[in-house]
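Have a look at the structure below, then the notes.
The values are calculated or read from the model by the stated rules, or taken from the named source; none is laboratory data. Quantities reported herein were computed from a predicted structural model and do not represent experimental measurements. Every residue, glycine among them, receives a Cβ derived from its backbone with ideal geometry; neighbour counts consider all protein chains shown. Heavy atoms of the whole protein, side chains included, go into the accessibility calculation; ligands, DNA and RNA do not. Shrake-Rupley method; radii C 1.70, N 1.55, O 1.52, S 1.80 Å.
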Protein chains: 2
Amino acid sequence: MLTATRQGPVDVAVVGAGPVGLAVAWRCAARGLRVVVHDPAPGSGASYVAAGMLSPVAEAYFGEHELTGLLAASAARWPGFAAELAEAAGTGFGYRTEGTLVVGLTSDDLAEARRLWSYQRGLGLPITPLRPSELRDREPALAPRVRGGAVAPGDHQVDPRRLVVALRVAAERAGATLVAGPVRELSELDARVTVVAAGCGAAALTGLPVRPVKGQILRLRAPGGGPPGFRHVIRGYADGESVYLVPRDGGEVVVGATVEERADTRVTAGAALRLLRAAVDLVPELAEYDLAEACAGLRPGTPDNAPIIGPLPDRPGVLAATGHHRHGIVLTPVTADLVAELVVTGEADPLLAPFTPERFAGHRRHG
Amino acid sequence: MLTATRQGPVDVAVVGAGPVGLAVAWRCAARGLRVVVHDPAPGSGASYVAAGMLSPVAEAYFGEHELTGLLAASAARWPGFAAELAEAAGTGFGYRTEGTLVVGLTSDDLAEARRLWSYQRGLGLPITPLRPSELRDREPALAPRVRGGAVAPGDHQVDPRRLVVALRVAAERAGATLVAGPVRELSELDARVTVVAAGCGAAALTGLPVRPVKGQILRLRAPGGGPPGFRHVIRGYADGESVYLVPRDGGEVVVGATVEERADTRVTAGAALRLLRAAVDLVPELAEYDLAEACAGLRPGTPDNAPIIGPLPDRPGVLAATGHHRHGIVLTPVTADLVAELVVTGEADPLLAPFTPERFAGHRRHG
């Protein structure tokens, strides 16, 4: 049991001011602990490039059963988390609940989408196939040649850049302090508990097998300053290309994302071409949108695509909260809640059992 | 005959510090005249976006016979102009003479290219059809599916942004003065002769029928800092899309350009998609290049697509040098030489006869 102190080392040092680190800091500070967050450039990591889909359903993949469970658990926490955060920060962050349409452009694409949503329904996840006419009733902006799709009403979205701003305000209002500088070694920190939420940077700090997985993303903008011509998040398959389109209130549409096993942040012509082609094939009016931004980020990937959350076995007082890969935004509430619980009580929630650092102990000895 | 003066109004005021205005200023100053160039943002107009193809041949179109003659005359002046400018400015500007390949991706594309180059050969312009194997010997980077093409050995290139820098240095070294401010009315200027080389801005200053024609362009960059994997300018037709690829020494490849009858400078998703698709279809390795820049500019178009060069009939002492549309860079030497000659001698070269402002006298009365 960690109780708040008034002097000596701080109670909790958090390394990394992305959504996970800031949410952990907020939750810990709200429980009365003295918290310091370290980051040379808050919000500049994977979240800066992320689309912000809260999609346990549309993002559930074969062979990732346990991860899907955690995604669903965290998505279930999102409504409450969003309400609390809006209250605590006094600012919105683009939380929207219209749901996600999963669509296939060609019959091959639709077959691929169908295999996935059959699996998802088998897991008990809420996804409902729609007739093409129902699909177009929901989103007339979809191309007439889209062959079919389904709706995942519980798959929502948030704007990650605004989320970081809101979490930072909430954490600071709760008493956490932000130190704008890098942490090169954990031994630099003088804290009773250290939480490593440093994304790809966790590898160098802890030896955990976190690797960068490059993602390229585009931001389009509706002409004339209006909102985009569609309201749902659209997760589409288009001539074998998987793409998502996330409409924002301010007129922005995020088009993502490549998944590349490389560590540079170059924006390439080929990736932009693939994303634009799939986007315009699915929603033709996007051709008239401004191409506002093209950028690339590095997701913290792990050997089994699942996050690493829990105490490091060989480093007392150090917890990991990293490796969230493509799921950092949706997993923010459950990660923050369970890490804060772990910090305060020393007890790990059973939900975290599949995601402990111990599962990579062999790797770490040899790594 | 205008002779240099030492006091009173300056000899020549040039409105516009794009390539045409600066080259006119350089040529006039080199002849001893006192020259002032006015521009709030030198080099920020159409030239900033231009690719810099010096292509009388690959850019010769049906029904533009007289314009093609002027393009050819100016292209013939380019080698001497480039040598003089390099000497005068002491700096290079990416002048390259490898020539242009005109290629067609599909058999339909090739048929379109062939019709054009038959017309060009009929005009006596140097263009030589190549067998597919000859094409690939010259540029192995071309896609295997490119059906055929031709070489225009006299179609060269220059880097317009560097050209503006060099012309500015040359003009200033020759004694011209640059005033970094806008000209709202020609009556503000106190000069014996005024040359309006203000691109699209000429319409408001003179009433000439110059309209903005939007062009969108991309800049790619070869990965790893090396030069692009091809040396020729490539003017290609790809599934009905017309595109050019201009490789630069520094690793840049310019991909252009849309031709749109509109006056905004938004970069749209659809234009980027069309340019990228055609570029990658023609030269597959471009998919791996960085997408370094996407931008749009406004070309000064005229009702007959030809420039407007010569004295304004109803405004003594005012010459136009505008309306160069898609051809401002290639036409810079002939425009500068003949306008300087006109300023000094008052005599118009016969080459300029088809391009006088008088041809739009009716428009101007009603405009």
- Query: Condition test on A:Arg114, is it more than 22 Å from the chain's Cα centre (by Cα), within 30 Å of A:Gly8 (Cβ to Cβ) and open to solvent by 50 Å² or more (accessible area, probe 1.4 Å)?
  - Reply: no
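Among B:Gly181, B:Gly122, B:Gly154, B:Gly175, which is within 30 Å of B:Tyr289 (Cα to Cα) and among the small types (Gly, Ala, Ser)?
Working: B:Gly181 fails: within 30 Å of B:Tyr289 (Cα to Cα); B:Gly122 fails: within 30 Å of B:Tyr289 (Cα to Cα); B:Gly175 fails: within 30 Å of B:Tyr289 (Cα to Cα).
After ruling out the rest, the residue left standing is B:Gly154.
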- Among the numbered conditions (1) closer than 17 Å to A:Gly94 by Cα; (2) touching a Phe, Trp or Tyr at 6+ places or on another chain (Cβ under 9 Å); (3) buried (at least 21 other Cβ atoms within 10 Å of the Cβ), tell me where A:Gly251 comes up short. (3)
- Going through region B:195-212 in order, the residues found to be part of a strand (DSSP E or B) and either open to solvent by 10 Å² or more (accessible area, probe 1.4 Å) or over 20 Å from B:Ala41 (Cβ atoms) (or both) are B:Arg211, B:Pro212
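Would you be able to tell me the number of residues in region B:330-343 that are open to solvent by 20 Å² or more (accessible area, probe 1.4 Å) and touching a residue at least 24 places away in the same chain (Cβ under 8 Å)?
Of the residues in that region, 1 qualify.
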- Message: So in region B:277-287, with the set limited to residues that are more than 7 Å from chain A (Cβ to nearest Cβ) and touching a Gly at 6+ places or on another chain (Cβ under 6 Å), which one is farthest from A:Leu282 (Cα to Cα)?
- Response: B:Glu285
- Query: Is region B:88-102 home to any residue that is within 30 Å of B:Val169 (Cα to Cα), at pLDDT 95 or above, in contact with a Lys or Arg (Cβ under 7 Å, 6 or more places away or on another chain) and of a type in the set (Phe, Trp, Tyr)?
  - Reply: yes
- Query: Within region B:1-36, restricting attention to residues that are touching a helix residue (DSSP H, G or I) at 6+ places or on another chain (Cβ under 9 Å) and in a strand (DSSP E or B), which residue is surrounded by the most Cβ atoms within 10 Å (Cβ to Cβ)?
  - Reply: B:Val14
- Item | Criterion: farther than 30 Å from A:Ala272 by Cα, out of contact with any His (no Cβ under 8 Å at 6 or more places or on another chain) and either without any contact (Cβ under 8 Å) to a residue 24 or more places away in the chain or basic (Lys, Arg) (or both) - qualifying residue of B:Ala320, B:Ala353, B:Ala269 | B:Ala353
- Item | Lone unmet requirement of (1) surrounded by fewer than 24 Cβ atoms within 10 Å (Cβ to Cβ); (2) touching a helix residue (DSSP H, G or I) at 6+ places or on another chain (Cβ under 8 Å); (3) under 18 Å from B:Leu54 (Cα atoms); (4) without any contact (Cβ under 8 Å) to a residue 60 or more places away in the chain for B:Glu241 | (3)
- Message: Which residue is nearest to B:Thr268 (Cα to Cα), if the candidates are limited to region A:213-238 and must be over 17 Å from the mean Cα position of the chain (by Cα) and of a type in the set (A, V, I, L, M)?
- Response: A:Leu220
- Residue count for region B:208-230, restricted to those that are of a type outside the set (Gly, Ala, Ser) and more than 11 Å from chain A (Cβ to nearest Cβ): 11
- Message: Residues that are more than 18 Å from the chain's Cα centre (by Cα), away from chain B (no Cβ under 14 Å) and more than 20 Å from B:Tyr289 (Cα to Cα): does region A:246-265 have at least one?
- Response: yes
- Of these, A:Arg315, A:Arg274, which one is open to solvent by 50 Å² or more (accessible area, probe 1.4 Å) and either β-branched (Val, Ile, Thr) or within 14 Å of chain B (Cβ to nearest Cβ) (or both)? A:Arg274
- Examine region A:157-171 for a residue that is over 20 Å from A:Thr335 (Cα atoms) and either open to solvent by 60 Å² or more (accessible area, probe 1.4 Å) or touching a residue at least 60 places away in the same chain (Cβ under 8 Å) (or both), and state whether such a residue exists. no
- Query: Applying the selection to region A:288-310, what residues are touching an Asp or Glu at 6+ places or on another chain (Cβ under 9 Å), buried (at least 18 other Cβ atoms within 10 Å of the Cβ) and more than 14 Å from chain B (Cβ to nearest Cβ)?
  - Reply: A:Leu298, A:Gly301, A:Asp304, A:Ala306, A:Gly310
- Query: How many residues does region B:286-308 hold that are touching a Ser or Thr at 6+ places or on another chain (Cβ under 6 Å) and under 20 Å from B:Pro350 (Cα atoms)?
  - Reply: 1
- Of all residues in region B:18-37, count the ones that are over 19 Å from B:Val318 (Cβ atoms) and of a type outside the set (Gly, Ala, Ser). 3
- Message: Would you confirm, using the coordinates I've provided, whether B:Ala111 is touching a strand residue (DSSP E or B) at 6+ places or on another chain (Cβ under 8 Å) and either of a type in the set (D, E, K, R) or farther than 30 Å from B:Cys200 by Cβ (or both)?
- Response: yes
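Of the residues in region A:51-67, how many are out of contact with any strand residue (DSSP E or B) (no Cβ under 8 Å at 6 or more places or on another chain), touching a residue at least 40 places away in the same chain (Cβ under 8 Å) and small (Gly, Ala, Ser)? Outline the logic, then answer.
Step one: of region A:51-67, the residues out of contact with any strand residue (DSSP E or B) (no Cβ under 8 Å at 6 or more places or on another chain) are A:56, A:60-67.
Going one step further and asking which of them are touching a residue at least 40 places away in the same chain (Cβ under 8 Å), we end up with A:56, A:60-62, A:64-67.
Of the ones still in play, those that are also small (Gly, Ala, Ser) are A:60.
Total meeting the criteria: 1.
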